Amino acid sequence: MNTHAVSPAQYPGDTSAFVLDLRELSREIRDHPVSPLLKKAGLDTSVMKNFRPVSNLSTVSKLLERLAVVRLKPHICSSSNWHNLQSAYSQSHSTETVLCKILDDITEAADGVDITALISLDISGAFDAVDHQILIQRLEEEFGITDTCRNWIESYLTGRSATVLIGTATSPTVDVPLGVPQGSVLGPLLYTMYVAPIGRLIHNLGVNYHQYADDTELLSCIPSLKFL
């Protein structure tokens, strides 16, 4: 792992700060096998899109990612560009909070004799379609992540290669130019930053919404008097 002139002694009691002051991750950490896991029991195993490519990352990689998340998350969540209506990977939030919020909005509309329209959106292959350059630009411009920290994240994302592993059989190694690793610790946080502008766009249009990772619920309440 390549570093510049820095030592853990500069960060007493804060190993996470030292992790983000490393210039880049080594190639060995970024290379990993991928296990295709069926998304849901009963799906056709002959259809490749029914499998989720889960990265088997090393313990060292996950440890470094977890330390990075400890350092990054407070900064990101305090940004005005981070939306509280994104319930994925947030403390005290879950799929249950999404359902409670949507149900409460629908119930409130029904009490006012309004008609409610609910549209559910899902991004197909969301984690695998993340453009690294767009994500890096978003980190800089919307969340103020620059310099060494920005370079560390770019190092984490780029230069990856993967081998598909099924039992004892392996595929040839290929480069991975897009996406964030599924099964990683840092990947979900990076993805939510990548899709953060979606919430802002919906809010500006005056539509109620709630997000959970790549799932977005749009809720529109229309006064029933308009239909009389």
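The values are calculated or read from the model by the stated rules, or taken from the named source; none is laboratory data. Given the structure is predicted, the values throughout are model-derived calculations rather than measurements. Cβ sites come from the backbone with ideal geometry, for glycine too, and all protein chains shown count toward neighbours. Heads up: the accessible areas ignore ligands, DNA and RNA and are worked out on the full protein's heavy atoms, side chains in. Shrake-Rupley method; radii C 1.70, N 1.55, O 1.52, S 1.80 Å.
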Answer with yes or no whether A110 is open to solvent by less than 90 Å² (accessible area, probe 1.4 Å), more than 21 Å from L190 (Cβ to Cβ) and modelled with pLDDT under 85. yes
Residues satisfying the stated conditions in the stretch 38-53, i.e. over 16 Å from F127 (Cβ atoms) and surrounded by fewer than 10 Cβ atoms within 10 Å (Cβ to Cβ): K40, A41, G42, D44, S46, V47
Between a residue in the stretch 78-106 that is closer than 12 Å to A196 by Cβ and any residue that is among the basic types (K, R), which pairs come within a Cβ distance under 8 Å, given they are 6 or more apart or on different chains? N81/R200; H83/R200; L85/K101
Considering the stretch 159-200 alone, what residues qualify as being within 10 Å of the chain's Cα centre (by Cα) and assigned to a strand (DSSP E or B)? Q182
Would you mind finding the one in S124, S120, S155 that is in a helix (DSSP H, G or I) and of a type in the set (G, A, S)? S155
I'm checking my understanding of the structure. Among residues of the stretch 161-213 that are open to solvent by less than 50 Å² (accessible area, probe 1.4 Å) and among the aromatic types (F, W, Y), which one is farthest from L57 (Cα to Cα)? Y209
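Answer yes or no as to whether I134 is touching a residue at least 24 places away in the same chain (Cβ under 8 Å) and open to solvent by 50 Å² or more (accessible area, probe 1.4 Å).
Details: touching a residue at least 24 places away in the same chain (Cβ under 8 Å): yes; open to solvent by 50 Å² or more (accessible area, probe 1.4 Å): yes.
In short, yes.
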